[in-house]
Amino acid sequence: MENYKISLEREHRSLANHPLYSELRTVENLRVFMEYHVFAVWDFMSLLKSLQRKITCVQLPWTPSPYSKDLVRMINEIVLGEESDTDPEGNACDHYTLYLDAMSEVGASTDLMEEFIREFNFNTLETPIKNFVSFNMDLALGDEPHKVAAAFFFGREKLIPDMFTGVLNQLKQQNTVCPKLIYYIERHIELDGDEHSDLANKCMLALCKGDETKLREAYEVGLESLRLRTKLWDGVLEKIKIGRSSLQI
């Protein structure tokens, strides 16, 4: 198990310091980043709602969850924070909608994301997005709860505060005018760094129940989640560099 932990930490550090963040020096590059990243914002909610469906009761007639009440409360608390947070004006808003608003603010297109939600046609997506989203959706739609929880913890809640710190530092260094995006990022650093990361870890461990096989499977899913995120970021970086090269011709 120690080798898994070392690999997870290495992948985590690599993503926290990915060279993509230093490229977010212009609004044009930021738009490219957001048009890719919005897919991760969306399927984050799919992972979370999958956990809610598996651990709590969201069907009729209602029956008590077979899981511990502490675990049920953990999931419901995360759902509350992610699906019913507040926007900069104090109105109730989910984080996906917050992100779409932030995209509109900087002129990033939401067309591909909104088309995908309407059609759910993975063939319309570029390979890095397709591989990332399909992996998470396969987990969310049909896999065992401890694996979904591992993707949610290692690939999202544990990673996001460190990853977003790099993005935020670049935006502030460049004095980029994007208050809605900065609000979104700061909100996630606050929630995931303080509360949600700890809850997600407890959730994953509770679902593994001390079973070494399940824990190993959780680590393997966590590693794949991080590796696919790296490939997604590599795709964004390549897109930015190609765009810059075409402007120089």
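The values are calculated or read from the model by the stated rules, or taken from the named source; none is laboratory data. Given the structure is predicted, the values throughout are model-derived calculations rather than measurements. Here the Cβ positions follow ideal geometry from the backbone for every residue, glycine too, while neighbour counts run over all protein chains shown. In case anyone asks, the SASA skips ligands and DNA or RNA and just uses the protein heavy atoms, side chains included. Shrake-Rupley method; radii C 1.70, N 1.55, O 1.52, S 1.80 Å.
Observations on the structure shown:
- Long-range neighbours under 9 Å by Cβ, at least six apart or interchain, first residue on the phi < 0 side of the Ramachandran plot within segment 161-182, second open to solvent by 30 Å² or more (accessible area, probe 1.4 Å) and of a type in the set (S, T, N, Q): ASP162/ASN17; GLY166/ASN17; GLY166/SER22; GLN170/SER22; GLN174/THR26; THR176/THR26; LYS180/SER104
- Residues of segment 103-128 that are assigned to a helix (DSSP H, G or I) and acidic (Asp, Glu): GLU105, ASP111, GLU114, GLU115, GLU119.
- Checking LEU247 against (1) over 16 Å from the mean Cα position of the chain (by Cα); (2) of a type in the set (A, V, I, L, M); (3) under 15 Å from PHE154 (Cβ atoms); (4) modelled with pLDDT under 90, the condition it does not meet: (3)
- Residue pairs whose Cβ atoms lie under 9 Å apart, sitting 6 or more positions apart in sequence or on different chains, and linking a residue in segment 50-69 that is under 21 Å from LEU205 (Cα atoms) to a partner that is open to solvent by 60 Å² or more (accessible area, probe 1.4 Å) and of a type in the set (A, V, I, L, M, F, W, C), are SER50/LEU141; GLN52/VAL58.
- Residue that is open to solvent by 70 Å² or more (accessible area, probe 1.4 Å), under 16 Å from the mean Cα position of the chain (by Cα) and not basic (Lys, Arg), where the choices are GLU157, GLU144, GLU190: GLU190
- Qualifying residue in segment 84-102 (condition: of a type in the set (S, T, N, Q), closer than 16 Å to TYR184 by Cα, without any contact (Cβ under 8 Å) to a residue 40 or more places away in the chain and in a helix (DSSP H, G or I)): yes
- Scanning segment 19-63 for residues that are more than 30 Å from ALA102 (Cα to Cα) and touching a helix residue (DSSP H, G or I) at 6+ places or on another chain (Cβ under 9 Å) yields LYS54, ILE55, THR56, CYS57, VAL58, GLN59.
Every residue, every condition in (1) free of Cβ contacts under 8 Å to residues at least 40 places away in the same chain; (2) of a type in the set (S, T, N, Q); (3) open to solvent by 70 Å² or more (accessible area, probe 1.4 Å); (4) on the phi > 0 side of the Ramachandran plot, yes or no:
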position: ILE6; (1), (2), (3), (4): yes, no, yes, no
position: SER14; (1), (2), (3), (4): no, yes, no, no
position: GLU28; (1), (2), (3), (4): no, no, yes, no
position: VAL38; (1), (2), (3), (4): no, no, no, no
position: LEU71; (1), (2), (3), (4): no, no, no, no
position: ILE75; (1), (2), (3), (4): no, no, no, no
